[in-house]
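Engineer: Below you'll find the structure I mean.
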Amino acid sequence: MMGDLNAYLCYLLTRAYFACVPTTRTLWSHVSCALDAAQEELPPDDIMIMILKACIEHPLSSAAPRDPKHEYCVLKWISKEWESRGWALPNSVIKHKALKEPQDCPELCYKTYIGWGGGKNQQGVTLLESCGGIVHHTTGLTTWGGAAVLADWVTNQPDIIANRRVLELGAGIGFTASVVLTTGNDDYLPPRSYIATDCHHHVLTLLQHNLELNLNPEPVMRKTLEAFQESTGKLLVTEEAQIGEMLPWKPISKKLRLSSKTSLISEDEEDNGTYDNMTAFGTTVEVLQVDWRDPPLLPNVDVIIAADVVYAHHLIPPLVELIKGILNGTSSRRKSDKISDHVKMQRLNSMVQKENIKHSSQESLEKCEELYSNNEEMESLKTVEHEIRPNSNSNNPNQDTESLLRNSDKDSTQVDQEERAAYIACTRRTLETVNLFLDEVTKQGLSHSLVYQSTLDTDTFLFLYNETHLPVKIFKLILAPENTCN
Ligand SMILES: C[S@@+](CC[C@H](N)C(=O)[O-])C[C@H]1O[C@@H](n2cnc3c(N)ncnc32)[C@H](O)[C@@H]1O
């Protein structure tokens, strides 16, 4: 029984330590209670050895560079717990190098979420993420509670993604994707493909890195992780001057192909014929830059998932429009078939700005006509020309217009629209935002139903700490019957 209590103490401590939960949070008061229970069984020095092994001296500590500030705070917390019980602090702790407050903290650190996915060989998923919340003008550099609720729900409903083509919108740094792709047992059929998308180039760089890290069957060398942590952190800081700007992003490495839920092979191996057919490869994983306001052509998929993407009111209409386009298969048709007025307007603005054309003049329209010659979009663009606002910014001025005109994937009409669904986890920060989203869903011809709801739990919560007690609801969106066309 006592052994169980000690195991529980170590488990709590390991979880809180590696997810970088601040020592001021409730989870640490549970650790404190578990310490009280442990003292009935073990002398303080033995408890100390046990708890150091569960955090600072745990093998995971040296596997990846962690947040030195957090390490310092935890050791301070342990020292205070000892003092408050009148226990003598061992010399090893007094002299511990981590008890010296660190001066410089890295921009990005590795966190490990114990108990979340990880496959057969790992205890959880490890993500390189920002030490702050909303930093560098994006919400995408940290893990939000919605990602955890979505990952939990999806992995408990494996049929939803089993052998299906999944696309995640606003995937951030990849918590949901990493958990979904590394959870399961032998009965669990993984998705056929998984496309993790986001818009900001730094977020995408971390997303790709985190997926590679979690899906790699071999441990990645600490030196490699340190080098990546440092170079990416520097980029974040040096590019900060370009407020909120998004740059076009391409993956550094090739598309990931998983031979099983936890192993990775390169496309070269596939080319060499090492594997016989596609089904032997398991899930194909890919990271794509997708801005909801200006999406590229997308492959056909069966299931869309997204966590915590409903928060900014102005992003709701393009987000819903993209979801609808994916569900009805038009996201991979000719762009001119599906492109919305506001996106047309943004594109036109961008072209106008680029060519330094004065807005609303006849010259402007003529120049645009020239720019868009041979482009079927021109006719529809004319209809929105009157809406051009001066000084408006395009979100993606580097849009490759040729790619916008590519023809659709041939099998888009073959996919059964009725089978397609989107599952969107919404954290209810304000009721108004969620209602706006649902109104937009209905307005755009989709129907919605609530499939799951949960509340972020203060006691065990490992994510953003000021968001505990917020309800998270997962809505299923499908095309309203009158909008399905075959
Ligand atoms: C609150 S975060 C949620 C991230 C992740 N799903 C999670 O729950 O941890 C919102 C995400 O949406 C992405 N996002 C914001 N605006 C976007 C846009 N216009 N197009 C695509 N993604 C966008 C952000 O980069 C960020 O990753």
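The values are calculated or read from the model by the stated rules, or taken from the named source; none is laboratory data. Predicted model only: the values in this text are computed from it and were never measured. Every residue, glycine as well, gets a Cβ built from its backbone with ideal geometry; the counts of neighbours run over all protein chains shown.
Engineer: Give region 441-486 a look and list any residue that's in a helix (DSSP H, G or I), more than 14 Å from Cys426 (Cα to Cα) and not polar (S, T, N, Q), or say none.
Structural biologist: Lys443, Tyr465, Pro481, Glu482, listed by residue number.
Engineer: If you don't mind, another one. Got a number for residues in region 294-323 being closer than 23 Å to Arg429 by Cα, in a loop (DSSP other than H, G, I, E, B) and not hydrophobic (A, V, I, L, M, F, W, C)?
Structural biologist: Count: 2.
Engineer: Scan region 11-64 residue by residue and report those that are closer than 25 Å to Met221 by Cα and acidic (Asp, Glu).
Structural biologist: Listed by number, the list holds a single entry, Glu57.
Yes/no matrix, rows are residues, columns are (1) over 14 Å from Ser178 (Cα atoms); (2) basic (Lys, Arg); (3) more than 16 Å from the ligand (Cβ to nearest atom):
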| position | (1), (2), (3) |
| --- | --- |
| Asn91 | yes, no, yes |
| Ile94 | yes, no, yes |
| Leu99 | yes, no, yes |
| Asp104 | yes, no, yes |
| Leu108 | yes, no, no |
| Gly115 | no, no, yes |
| Gly119 | no, no, yes |
| Cys131 | yes, no, no |
| Val149 | no, no, no |
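Engineer: Quick one: which of Thr205, Thr182, Thr138 is without any contact (Cβ under 8 Å) to a residue 60 or more places away in the chain and more than 23 Å from Lys473 (Cβ to Cβ)?
Structural biologist: Working: Thr182 fails: without any contact (Cβ under 8 Å) to a residue 60 or more places away in the chain; Thr138 fails: without any contact (Cβ under 8 Å) to a residue 60 or more places away in the chain.
Step by step, each of Thr205, Thr182, Thr138 is checked, and only Thr205 is without any contact (Cβ under 8 Å) to a residue 60 or more places away in the chain and more than 23 Å from Lys473 (Cβ to Cβ).
Engineer: What number goes with the only condition from (1) over 29 Å from Leu247 (Cβ atoms); (2) in contact with a strand residue (DSSP E or B) (Cβ under 8 Å, 6 or more places away or on another chain); (3) more than 12 Å from the ligand (Cβ to nearest atom); (4) of a type in the set (Val, Ile, Thr) that Thr126 does not pass?
Structural biologist: Unmet condition: (1).
Engineer: Looking at (1) near the ligand (Cβ under 8 Å from one of its atoms); (2) surrounded by fewer than 23 Cβ atoms within 10 Å (Cβ to Cβ); (3) at pLDDT 90 or above, can you tell me which one Leu169 breaks?
Structural biologist: Leu169 satisfies every listed condition except (2).
Engineer: While we're looking at this one, here's another question. Within region 216-230, does at least one residue satisfy the condition of being within 15 Å of the ligand (Cβ to nearest atom) and assigned by TED's automatic domain parsing to the domain that holds Gly124?
Structural biologist: The answer is no, given that none of the residues of region 216-230 is within 15 Å of the ligand (Cβ to nearest atom) and assigned by TED's automatic domain parsing to the domain that holds Gly124.
Engineer: Under 9 Å by Cβ, and 6 or more places apart or on different chains, what pairs join a residue from region 83-110 that is closer than 30 Å to Leu207 by Cβ and without any contact (Cβ under 8 Å) to a residue 60 or more places away in the chain with one that is among the basic types (Lys, Arg) and surrounded by 13 or more Cβ atoms within 10 Å (Cβ to Cβ)?
Structural biologist: Correct list of pairs: Pro102/Lys69; Cys105/Lys69.
Engineer: Of all residues in region 434-471, count the ones that are touching a helix residue (DSSP H, G or I) at 6+ places or on another chain (Cβ under 7 Å) and at pLDDT 95 or above.
Structural biologist: Going through region 434-471 one residue at a time, the tally reaches 9.
Engineer: A follow-up question, please. Please find, among Lys76, Lys120, Lys95, Lys80, the residue that is out of contact with any strand residue (DSSP E or B) (no Cβ under 6 Å at 6 or more places or on another chain), farther than 21 Å from Glu226 by Cβ and in the same structural domain as Gln208 (by TED's automatic domain parsing).
Structural biologist: Lys120
Engineer: Being without any contact (Cβ under 8 Å) to a residue 60 or more places away in the chain, surrounded by fewer than 22 Cβ atoms within 10 Å (Cβ to Cβ), more than 27 Å from Ala425 (Cβ to Cβ) and of a type in the set (D, E, K, R): is that true of Glu218 here? So that I can check it myself, show each step before the final result.
Structural biologist: Working: without any contact (Cβ under 8 Å) to a residue 60 or more places away in the chain: yes; surrounded by fewer than 22 Cβ atoms within 10 Å (Cβ to Cβ): yes; more than 27 Å from Ala425 (Cβ to Cβ): yes; of a type in the set (D, E, K, R): yes.
It is true that Glu218 is without any contact (Cβ under 8 Å) to a residue 60 or more places away in the chain, surrounded by fewer than 22 Cβ atoms within 10 Å (Cβ to Cβ), more than 27 Å from Ala425 (Cβ to Cβ) and of a type in the set (D, E, K, R).
Engineer: State all residues of region 183-215 that are of a type in the set (S, T, N, Q), away from the ligand (no atom under 16 Å from the Cβ) and at pLDDT 90 or above; if no residue qualifies, say none.
Structural biologist: Residue satisfying the conditions is Ser193 alone.
Engineer: Considering each residue of region 404-433, count those that are at pLDDT 75 or above, in a loop (DSSP other than H, G, I, E, B) and over 21 Å from the mean Cα position of the chain (by Cα), and give that number.
Structural biologist: Residues flagged as at pLDDT 75 or above, in a loop (DSSP other than H, G, I, E, B) and over 21 Å from the mean Cα position of the chain (by Cα) within region 404-433 amount to 2.
Engineer: Separate question: Would you mind stating whether Gly145 is crowded, with 24+ Cβ neighbours inside 10 Å and in contact (Cβ under 8 Å) with a residue 60 or more places away in the chain?
Structural biologist: Here the answer is yes, as Gly145 does meet what is asked.
Engineer: Can you tell me which residue among Leu247, Leu258 is of a type in the set (A, V, I, L, M, F, W, C), in a strand (DSSP E or B) and at pLDDT below 80?
Structural biologist: It is Leu258.
Engineer: Can you confirm whether Ser84 is surrounded by fewer than 16 Cβ atoms within 10 Å (Cβ to Cβ), under 18 Å from Ser32 (Cβ atoms) and of a type in the set (S, T, N, Q)? Even if it seems obvious, please write down each step before you answer.
Structural biologist: Numbers: surrounded by fewer than 16 Cβ atoms within 10 Å (Cβ to Cβ): yes; under 18 Å from Ser32 (Cβ atoms): yes; of a type in the set (S, T, N, Q): yes.
Taking the combined requirement at face value, the residue satisfies it.
Engineer: Could you look through region 2-54, keep only residues that are under 22 Å from Cys131 (Cα atoms) and basic (Lys, Arg), and pick out the one that is surrounded by the fewest Cβ atoms within 10 Å (Cβ to Cβ)?
Structural biologist: So the residue we want is Arg25.
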